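No value in this document is a laboratory result; all are computed from the given coordinates. Because the structure is predicted, anything quoted here is derived from the model rather than measured. With ideal geometry, Cβ positions are generated from the backbone for all residues, glycine too; neighbour counts draw on all protein chains shown.
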Amino acid sequence: MLSLLNRTRHSSGPVEVNGPGPCFQDTGDQSTKGDKVSTRDSNSTADPKGTAVTGPAAPPLLVEAFGRTDPGLVRRNNEDQFAIAELAKMMRVNQTSLAGLDERTDAAHAHLFVVADGMGGYAGGEVASRIAVSTVEECLLDSLKWFLGAQGSEGDEVAKTLRAAVDVADREVFNEADRRPGLRRMGSTLTLAFHHGRDLFVAHVGDSRAYLCRNRGLHRMTRDHTLFAELTRLGRPPAADAAERMRHTITNAIGGGHPGVKADIVRAALEPGDRLLLCTDGLTNMLTNDEIAAALAEHAQPEAACGRLVALANERGGRDNITAVIAVFREAGRE
């Protein structure tokens with residue numbers, strides 16, 4: 001069961017990852033390699049200088065993705081939501097004198113991956129997560145000029161657009177709660193990833209997570225917005241008797257009765273063979289990082305890997321709803 005603390009401006013601090021790994025760029029801080037990833041305040045703006053991005057000559061990566069959600073073994077309903085979407089530049093010809101020409105598509109594609117976990121214990125958690133995911137989809141479809149590329153000032157615009165989509169989702173959940181007093185404190189986590197070419201942007205609120213798996217190493221891209229995590233980052237880890245409760249106290253979420261959300265935005269340059277995992281805490285509370293990494297290494301196909309992770313979480317007790325979205329990035333012509 002999650003509870004929501006009055007929102008605080010969460011502190012900056014390192015995100016732990018498992019050993020040497022990829023370079024993650026917070027939108028507003030220098031990138032870092034190794035066993036820690038440095039992040040800054042969530043309100044910082046994107047700075048394209050020094051951002052680790054691939055050159056224009058690098059061909060885009062192909063994507064294979066799959067998602068699965070499961071209620072677990074304890075809860076009656078499932079308050080998790082997920083989405084996998086592909087964006088393609090297309091022109092549909094309604095009428096022409098040219099034979100056999102009715103549609104043109106561009107080779108460039110972008111992808112969106114989203115997970116959301118409704119606030120357990122509050123009425124309307126399922127409603128809040130549904131609004132969060134659908135609002136993000138609508139906002140990005142309407143406003144994201146993804147086909148311009150993600151380098152320089154355009155990368156800056158992508159980050160700003162993702163942040164704006166999270167803000168709109170927060171307002172939509174809050175407005176719906178205003179219209180329906182019985183859902184006054186409904187809220188949701190939200191973790192989304194946007195892929196274009198060889199660039200990956202992650203926007204994050206709450207305690208769902210994004211991981212990048214590279215060369216069999218599992219690297220965490222997000223930090224939890226919980227009271228436990230905030231105090232730990234400040235060097236004041238809570239006592240053992242309060243730790244479990246604080247792990248489930250969310251400090252930054254979509255909705256939750258308090259308007260105003262602060263999204264973390266992280267950027268990474270992808271390589272062939274990389275795998276992205278978005279998941280809710282129903283998975284990460286049941287499995288260790290090593291178990292997650294082993295399942296991803298054992299199952300190359302996203303569908304099989306999702307099935308294995310959900311099954312493992314249920315084997316450990318399935319105390320919460322479980323959701324996993326996995327995307328595999330490959331070069332064209334390679335399996």
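Side notes on the structure shown:
- Placing unit charges on the Cβ atoms of the charged side chains and taking the dipole of the stretch 173-332 about its Cα centre, the candidate lying farthest along the positive direction among 240, 261, 301 is 261.
- Exposure proxy for 129, 143: other Cβ atoms within 10 Å of each Cβ, ordered fewest to most, give 143, 129.
- Difference of contour (0.36 nm per residue) and Cα-Cα distance, residue 94 to residue 239: 45.5 nm
- Neighbour-count order for 97, 188, fewest beta carbons within 10 angstrom listed first: 97, 188
- Shown for 326, 292: other C-beta atoms within 10 Å of each C-beta, ranked fewest to most, produce the order 292, 326.
- With a cut-off of 14 Å between beta carbons, the residues surrounding residue 319 carry a summed charge of -4, where Lys and Arg count +1 and Asp and Glu -1.
- Overall form of the stretch 140-263 per C-alpha gyration tensor (a/c, 1.5; a/b vs b/c): oblate
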